[in-house]
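Here is the structure we will look at.
The values are calculated or read from the model by the stated rules, or taken from the named source; none is laboratory data. It should be emphasised that the depicted structure is a prediction, and the values quoted were computed from it without experimental measurement. Cβ atoms come from the backbone with ideal geometry, glycine included; neighbour counts cover every protein chain shown. Calculation scope for accessible area: heavy atoms of the full protein, side chains included, ligands and nucleic acids excluded. Shrake-Rupley method; radii C 1.70, N 1.55, O 1.52, S 1.80 Å.
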Amino acid sequence: MDIKRSEVYRYLGYGRNKPDEKVYEAVEECIDLVVKNSDMKSIYRIFDLNVEGSTIIIDNSFKTESKNLSKNLTGCEKIVLFGATLGTGVDMLIKKYSKLDMSYAVIIQAAAATVIEEYCDICQKEIENKLAAENKFIRPRFSPGYGDFSINHQKEIINMLDCPRKIGLMLTESLMLVPSKSVTAVMGISSEKQDCHIKGCEECEKLDCKYRRS
Amino acid sequence: MSILDILGKRIVFFDGGTGTLLQEKGLQAGEIPELWNINRADDVVDIHKKYFEAGADIVLANTFGGNGIKLHDTNKTVEEIVTAAINNVNKAKEESGIKDRPLFCALDMGPTGKLLKPMGDLDFDDAYEAFKQMAICGEKAGADLILIETMSDTYELKSAVLAAKENTNLPVFATVVFDEKGKLLTGGNVKAVVAMLEGLGVDALGINCGLGPVQMKDIALEILKEASIPVIVNPNAGLPRNENGKTVYDVTPEKFSDIMKEIAEAGAWVIGGCCGTTPEHIKLLKQKCGNLEPLKIEPKNKTIVTSYARAVEINDIPVIIGERINPTGKSRFKQALRENDIDYILREGFAQQKNGAHILDVNVGLPDINEVTMIEAVTKELQSVIDLPLQIDTSNTEAMEKALRHYNGKAMINSVNGKKESMEAVFPLVKKYGGVVVGLTLDESGIPETAEERFNVAKKIVETAKSYGIDKKDIVIDVLCMTVSSDNKSAMVTLDALKMVKERLGVRTILGVSNISFGLPQREIINSNFYTMALMAGLDCAIINPASEGMMKAYYSYKALAGKDENCVEYIEKYSGEQSKAPVKQQNTGEMTLGETIEKGFKEQAGAIALEMTKTMKPLDIINSELIPALDKVGKGFEKGTIFLPQLLMSAEAAKAAFESVKTAMDKVGEVQEKKGKVILATVKGDIHDIGKNIVKVLLENYSFEVYDLGKDVPIELVVETAIKEDVKLVGLSALMTTTVTSMEETIKALREKKPDCKVMVGGAVLTQEYADMIKADHYSKDAMASVYYAEKVLCSCDCCK
């Protein structure tokens, strides 16, 4: 797995700045720790999709309104529901270092955020390749909480994929994903190729975000 | 007739998948299958009937997710669902017309779908309540047994087993999901799961779901190697595959039953199927295995303690139990207990793990603290960050029960002794929760002087335990060691007694080794040599300080010399590097001042230099002339964007180490550093991400604020109560998500009402100034330094802070 150091530094607030040697070494050590303590698991299923205006209906049962997502899904006839997690080991690691050394805790947290995204990219690529064989293409992955796609929809995605049982990914009462380094997302499937390389960050309307990818 | 009457007489058959068949009948993804018990009862009865006809002895009621947590958003109660589900199975029994064999209905209890604390937000006791409600309804509705299945977390599993056993008289079976590596989602392995379940007293245990028979076979064999009770194997029909958006399973009934036959021949007594298996699978299974003679179960006699993730077997390789989590004779530890400073206790735990402990002893008894609540909190916290098994060390039975009940795994219990009263109090707990109990060879007449008499007490303990149904494999005997300084025969008496109990009773042994040298100078010399002698005499577990070089040297040398360290691998790994190890990348800090080590974030050096400085300088001068200016400089750099968060925190940690050194010096001369004021920190109710709050905590402590860290997912009332009780004038609240900002707003509102003179600062990923204004916070902290500056503004009267 190619873990982009630049992403780790972005999460740590470095922007374009270079870290000093001490931080550089700590980052390398923490990436190693994260990879060793991860138990990566993912699941996806393809469902029927209906988009009318900003109304999105998945599998005839999961219905939602979202302008941003419906735009992302224009021209799609099916949709992938997707869930992935690094497992509880990474959460324990962060907790452990929160007691031992906070500087490590924040670096581990940034490294883990990078690893889960990287892992999702790999999973997405696999789905992409599989669908390519049928001349189908997928859209950028879109997660609950992006734009006006409500975070409440974590619930439907988790239930429809049976995530707790299949990959140990669950929700808290307040709709947080546990283990914390986890992702749920949807990806539209269409017969036409569209640029699939734009990711969530650039799509976001919060232009002054200090973590924004430039 | 009970299922237990048949078990072992012939192979018993479970049914196969239900969900798969419901899907064929139209169950949608995400739909709650348990509702079909009422809305589509005929379809459910039909599936059950097909399984009975195919040859299943036990059919699972359609109650997998029928707990109050999963049914929460439906308009049906647990009782309605469970009763309807059991009735459906009983109807199927009748309609099948089968009379030549007894048919059984199992209440099926799957996981709640929530992750338990500390990683998730479901409390152990709430999980217990949910399972309890199901179990009671199930028994009332006429279930013949309870199957707890598809569990992937030992903690949730334990809550379900306790709920089933404490509230019903039904037989309890339990199966878990292992992945191909033989691990649960939460990390537990076969050994750990089997030991815990046997300790809890289930009637049969095993594996289901997750894998097909091919991948499951090896794991099933491993379970059979560990278990001393009947084993259940219920695989899927292969690994799931995505086909046109549908999940499909490929293993045919022929292949399925062939492999399952091998598993039954290897010793599984109860077999069936899970996802993707059909009545056809069960039919062939029965045909091929119906006439097999169940293999006799051999008791394994292994002495095993576990955590949620690992099992430690007390066998011929000696085990080290870390003794440092204990206030006896440690003023710093006592202080930590009184101040509820659990982090300090956790750091003692980390250090011992690093130094080679296999199990950690946990003793938090102090006359002036509430041991019952403290031991529960400490065991839970330790288990959330350290995967070593724990030894619950208390003479308070209530505290012992509290800790054992909430312990994730099969604990070691320290201790019981030969007194009637002690055995009557402790053995029922060992029987109920499982555990390996330490038996001290003393009784009403005190500690016997001779080896023979100590042996007799040990014998009494082992025999009495047996009358409670506790096997001697779950007892380790401590023949006690008394200091040689007052009786020069005491060491030999101890060793003689040790040999006697091992040879004649066949039990494992344990000693608190360092008592031997009490009252003597340079105790490590005597301790380590006595340790070697005890190991030679057959000592299995030693309660020692793993930071003691001498003891660890004795340990590794003994293992190498006694042929317990193959090719001396461990010894070489431990000691070969020591001489030649070049100081790798050791920074040249020789020339640095304390201020510079802090600015550059060199933690160890900062602590060491500060300690050195206390010899010549006044503690307060060190703080004011070196520590504070360095911290200020780093803080300013962070604000300007020339220093980044990791560096800020490295400096903060270095400063913390320096403060510890200075504090030690101040304690010695009885000086106290004045605190700038009290601040409460909390991650709000519903929010479980506390990294931001923890960053703020480190910095505030650096700047001498007294921080009350209430943790994460903090109830509103607790924030308010603490603010009132401690008269706190500043509260810092953190929230990560939009969904939890609401509870931040409510917390602020409650504070305004009940503690109006208290200011509130807020921070967290989703917050902005605008948001903070909207929820009426006094201050929005854009980062950790901003919190420090605001705290100074609110709480400090001195000029330097204004």
**Asked** Looking only at residues in region A:64-83 that are under 22 Å from A:Cys163 (Cβ atoms) and within 12 Å of chain B (Cβ to nearest Cβ), which one is nearest to the chain's Cα centre (by Cα)?
**Response** A:Phe82
**Request:** Mind listing whichever residues of region B:438-483 are under 16 Å from B:Met412 (Cβ atoms) and either open to solvent by 50 Å² or more (accessible area, probe 1.4 Å) or among the charged types (D, E, K, R) (or both)?
**Result:** B:Asp471, B:Lys472, B:Lys473, B:Asp474, B:Asp478
**Request:** Kindly list the number of the only condition in (1) modelled with pLDDT of 95 or more; (2) closer than 27 Å to B:Glu599 by Cβ; (3) in contact with a Leu (Cβ under 8 Å, 6 or more places away or on another chain) that fails for A:Tyr119.
**Result:** (2)
**Request:** Would you check which residues across region B:297-309 are modelled with pLDDT of 95 or more and either surrounded by 18 or more Cβ atoms within 10 Å (Cβ to Cβ) or within 23 Å of the chain's Cα centre (by Cα) (or both) and list them?
**Result:** B:Lys302, B:Thr303, B:Ile304, B:Val305, B:Thr306, B:Ser307
**Request:** Quickly run through region B:711-737 and pick out the residues that are open to solvent by less than 70 Å² (accessible area, probe 1.4 Å) and among the β-branched types (Val, Ile, Thr).
**Result:** B:Val714, B:Ile716, B:Val719, B:Val720, B:Thr722, B:Val728, B:Val731
**Prompt:** Which ones in region B:359-402 are hydroxyl-bearing (Ser, Thr, Tyr), over 13 Å from the mean Cα position of the chain (by Cα) and within 21 Å of B:Tyr155 (Cα to Cα)?
**Reply:** B:Thr373
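Conditions (1) open to solvent by 10 Å² or more (accessible area, probe 1.4 Å); (2) without any contact (Cβ under 8 Å) to a residue 40 or more places away in the chain; (3) more than 8 Å from every other protein chain (Cβ to nearest Cβ); (4) not in a strand (DSSP E or B), marked per residue:
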site: A:Asn135; (1), (2), (3), (4): yes, no, yes, yes
site: A:Tyr146; (1), (2), (3), (4): yes, no, yes, yes
site: A:His153; (1), (2), (3), (4): yes, no, yes, yes
site: A:Asn159; (1), (2), (3), (4): yes, yes, no, yes
site: A:Glu173; (1), (2), (3), (4): yes, yes, no, yes
site: A:Thr184; (1), (2), (3), (4): no, no, yes, no
site: A:Gly188; (1), (2), (3), (4): no, no, yes, no
**Message:** Cβ-Cβ under 7 Å, sequence separation 6+ or interchain: first residue in region B:553-564 and closer than 12 Å to B:Val319 by Cα and modelled with pLDDT of 95 or more, partner of a type in the set (Lys, Arg) and part of a helix (DSSP H, G or I). Which pairs?
**Reply:** B:Tyr556/B:Lys574
**Prompt:** When residues of region B:277-296 are filtered for being open to solvent by 10 Å² or more (accessible area, probe 1.4 Å), out of contact with any Pro (no Cβ under 6 Å at 6 or more places or on another chain) and not hydroxyl-bearing (Ser, Thr, Tyr), how many remain?
**Reply:** 12
**Message:** Here is a list: A:Pro164, A:Pro179. Which entry is open to solvent by less than 20 Å² (accessible area, probe 1.4 Å) and closer than 30 Å to B:His72 by Cβ?
**Reply:** A:Pro179
**Message:** Checking B:Ile146 against (1) modelled with pLDDT of 95 or more; (2) open to solvent by less than 10 Å² (accessible area, probe 1.4 Å); (3) not in a strand (DSSP E or B): exactly one of these is not met. Which one?
**Reply:** (3)
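Based on this model, can you work out whether A:Leu100 counts as under 23 Å from B:Lys693 (Cα atoms), at the interface with chain B (Cβ under 8 Å from one of its Cβ atoms) and either modelled with pLDDT under 95 or out of contact with any His (no Cβ under 6 Å at 6 or more places or on another chain) (or both)?
So A:Leu100 fits the description; yes.
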**Prompt:** Just one of B:Leu200, B:Leu170 is surrounded by fewer than 24 Cβ atoms within 10 Å (Cβ to Cβ), away from every other protein chain (no Cβ under 14 Å) and closer than 19 Å to B:Val430 by Cβ; which is it?
**Reply:** B:Leu200
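Yes/no matrix, rows are residues, columns are (1) part of a helix (DSSP H, G or I); (2) under 23 Å from B:Gly637 (Cα atoms); (3) free of Cβ contacts under 8 Å to residues at least 12 places away in the same chain:
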residue: B:Ser743; (1), (2), (3): yes, no, no
residue: B:Thr747; (1), (2), (3): yes, no, no
residue: B:Arg752; (1), (2), (3): yes, no, no
residue: B:Leu767; (1), (2), (3): no, no, no
residue: B:Ala772; (1), (2), (3): yes, no, yes
residue: B:Lys782; (1), (2), (3): no, yes, no
residue: B:Met785; (1), (2), (3): yes, yes, no
residue: B:Glu792; (1), (2), (3): yes, yes, no
**Prompt:** Any idea which of (1) more than 28 Å from A:Arg45 (Cα to Cα); (2) surrounded by fewer than 24 Cβ atoms within 10 Å (Cβ to Cβ) is the one B:Val214 doesn't satisfy?
**Reply:** (1)
**Message:** Go through region A:59-83 and report how many residues are modelled with pLDDT of 95 or more and among the β-branched types (Val, Ile, Thr).
**Reply:** 2
**Prompt:** Do we find that A:Ile108 is within 9 Å of another protein chain (Cβ to nearest Cβ), crowded, with 22+ Cβ neighbours inside 10 Å, β-branched (Val, Ile, Thr) and in a helix (DSSP H, G or I) in this structure?
**Reply:** no
**Message:** Give me the residue from region A:1-22 that is free of Cβ contacts under 8 Å to residues at least 12 places away in the same chain and of a type outside the set (D, E, K, R) and, out of that set, farthest from the other protein chains (Cβ to nearest Cβ).
**Reply:** A:Ser6
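When you look at A:Asn50, is it more than 7 Å from chain B (Cβ to nearest Cβ) and either at positive phi or of a type in the set (A, V, I, L, M, F, W, C) (or both), yes or no?
no
Each row is one residue, and each column tells you yes or no for (1) farther than 13 Å from B:Leu390 by Cα; (2) touching an Asp or Glu at 6+ places or on another chain (Cβ under 8 Å); (3) of a type in the set (S, T, N, Q); (4) modelled with pLDDT under 95.
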{"residue": "B:Lys402", "(1), (2), (3), (4)": "yes, yes, no, no"}
{"residue": "B:Asn408", "(1), (2), (3), (4)": "no, no, yes, no"}
{"residue": "B:Asn414", "(1), (2), (3), (4)": "no, yes, yes, no"}
{"residue": "B:Glu421", "(1), (2), (3), (4)": "yes, no, no, no"}
{"residue": "B:Val426", "(1), (2), (3), (4)": "yes, no, no, no"}
{"residue": "B:Val430", "(1), (2), (3), (4)": "yes, yes, no, no"}
{"residue": "B:Val437", "(1), (2), (3), (4)": "no, yes, no, no"}
{"residue": "B:Leu440", "(1), (2), (3), (4)": "yes, yes, no, no"}
{"residue": "B:Glu452", "(1), (2), (3), (4)": "yes, no, no, no"}
**Request:** Examine region B:652-671 for a residue that is out of contact with any Phe, Trp or Tyr (no Cβ under 8 Å at 6 or more places or on another chain) and on the phi > 0 side of the Ramachandran plot, and state whether such a residue exists.
**Result:** yes
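Kindly indicate whether B:Val762 is among the aliphatic types (A, V, I, L, M), more than 14 Å from chain A (Cβ to nearest Cβ), open to solvent by less than 20 Å² (accessible area, probe 1.4 Å) and not in a loop (DSSP other than H, G, I, E, B).
The answer is yes for B:Val762.
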**Asked** Does region B:149-167 hold any residues that are buried (at least 24 other Cβ atoms within 10 Å of the Cβ), in contact (Cβ under 8 Å) with a residue 40 or more places away in the chain and away from every other protein chain (no Cβ under 13 Å), and which are they?
**Response** B:Leu157, B:Lys158, B:Ser159, B:Ala160, B:Val161, B:Ala164
**Request:** Sort out which residues of region B:640-672 are polar (S, T, N, Q) and surrounded by 13 or more Cβ atoms within 10 Å (Cβ to Cβ), and write them in order of number.
**Result:** B:Gln647, B:Ser651, B:Ser661, B:Thr664
**Prompt:** Does region B:104-123 include one or more residues that are more than 13 Å from chain A (Cβ to nearest Cβ) and either open to solvent by 20 Å² or more (accessible area, probe 1.4 Å) or farther than 22 Å from B:Ile81 by Cα (or both)?
**Reply:** no
